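Below is one structure; the comments refer to it alone.
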Amino acid sequence: MSLLIAKNINKKFFLHDKTIDVLEDISLSVNVEESIAIMGKSGSGKSSLLHILGGLDKPCKGEVIFKKNSIYNQNKKYLSNYRNNQIGFIFQSYHLLPDLTVYENIILPSSILNNRNAKSTVSELIDIMDLGCRINHKPHELSGGEKQRVAIARSLVNSPALILADEPTGNLDEDTSKHVLNYLFQAIHNFSKSIILVTHSKYVANYCNKKYDLINGILV
């Protein structure tokens with residue numbers, strides 16, 4: 001069953017008098033509980049594609065259809081709800097708020113939605129991510145791997161349908177990457193979520209059950 005379908009996505013950037021083609025006629029289907037890796041070199045358009053799929057950046061042409069709704073043909077309220085309720089983002093640089101504790105960073109997205117089940121979900125995520133001894137620590141007191149585990153937990157707190165992970169181990173060494181990926185895919189399995197992960201690493205891509213390459217703006 002298709003959760004999300006991208007149809008003929010095109011993206012161009014305009015720089016002075018030049019037009020830069022980033023994505024050309026990208027089509028992609030994501031099923032429920034499916035894991036997809038998109039590989040490509042730096043600057044290949046991987047992040048741009050994730051931003052479009054996540055409702056952060058409108059394509060120049062094409063459609064993103066989520067549960068039969070073309071998201072960029074809806075109003076701003078729908079798009080905001082889509083980003084907050086249905087999509088969980090994981091970034092390479094963690095994007096944790098420095099003045100909040102681990103617990104506060106994880107639960108923060110739920111406060112926007114007034115999610116009454118958030119506390120029990122946070123407790124479960126803290127157990128899965130093995131962060132029980134860190135809940136009162138702030139980001140500067142954490143290792144890189146711990147920061148990313150907090151970011152993973154935060155991405156799942158509102159029970160989104162789809163996780164979008166942008167180079168989630170890009171700032172980590174090989175051993176730490178392995179641990180973080182194990183935690184990530186355990187959580188994806190436990191919560192029955194779909195994930196699209198972009199990476200330049202074949203090792204990371206092998207965690208997913210479907211793999212694509214993004215080459216010169218074309219998905220193959």
Positions within the stretch 35-45 being within 23 Å of Leu79 (Cβ to Cβ) and either in contact with a Ser or Thr (Cβ under 6 Å, 6 or more places away or on another chain) or surrounded by fewer than 22 Cβ atoms within 10 Å (Cβ to Cβ) (or both), in sequence order: Ile36
Farther than 19 Å from Tyr94 by Cα, of a type in the set (Ser, Thr, Tyr) and modelled with pLDDT under 95: is that true of Thr199 in this structure? no
Picking from Lys76, Lys41, Lys7, which residue would you name as being farther than 15 Å from Leu156 by Cα and touching an Asp or Glu at 6+ places or on another chain (Cβ under 9 Å)? Lys7
For the stretch 159-167, indicate whether the set of residues that are acidic (Asp, Glu) and over 13 Å from the mean Cα position of the chain (by Cα) is non-empty. no
Would you confirm, using the coordinates I've provided, whether Val102 is in contact with a Gly (Cβ under 7 Å, 6 or more places away or on another chain) and among the aliphatic types (A, V, I, L, M)? no
Please tell me if Ala165 is of a type in the set (A, V, I, L, M) and surrounded by fewer than 22 Cβ atoms within 10 Å (Cβ to Cβ). no
Hey, among Ser194, Ser123, which residue is touching a residue at least 60 places away in the same chain (Cβ under 8 Å), among the small types (Gly, Ala, Ser) and on the phi < 0 side of the Ramachandran plot? Ser194
Just one of the numbered conditions (1) part of a helix (DSSP H, G or I); (2) more than 23 Å from Gly45 (Cβ to Cβ); (3) within 17 Å of the chain's Cα centre (by Cα) is not true of His179; which one? (3)
Could we say that His95 is without any contact (Cβ under 8 Å) to a residue 60 or more places away in the chain, surrounded by fewer than 16 Cβ atoms within 10 Å (Cβ to Cβ), not aromatic (Phe, Trp, Tyr) and not in a helix (DSSP H, G or I) here? yes
Which residue out of Ile106, Ile152 is under 13 Å from the mean Cα position of the chain (by Cα), within 26 Å of Cys208 (Cα to Cα) and modelled with pLDDT of 95 or more? Ile152
Look at the stretch 47-86 and say how many of its residues are assigned to a helix (DSSP H, G or I), crowded, with 22+ Cβ neighbours inside 10 Å and in contact (Cβ under 8 Å) with a residue 60 or more places away in the chain. 3
Of all residues in the stretch 2-46, how many are hydroxyl-bearing (Ser, Thr, Tyr), assigned to a strand (DSSP E or B) and modelled with pLDDT under 95? 2
If Gln186 satisfies every condition in (1) under 24 Å from Lys67 (Cα atoms); (2) of a type outside the set (Asp, Glu); (3) modelled with pLDDT under 95; (4) outside any loop (DSSP other than H, G, I, E, B) but one, which is the exception? (1)
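The values are calculated or read from the model by the stated rules, or taken from the named source; none is laboratory data. Owing to the predicted nature of the structure, the values given are computational and were not obtained by experimental measurement. Please note: Cβ atoms are built from the backbone with ideal geometry, for glycine as well, and neighbour counts cover all protein chains shown.
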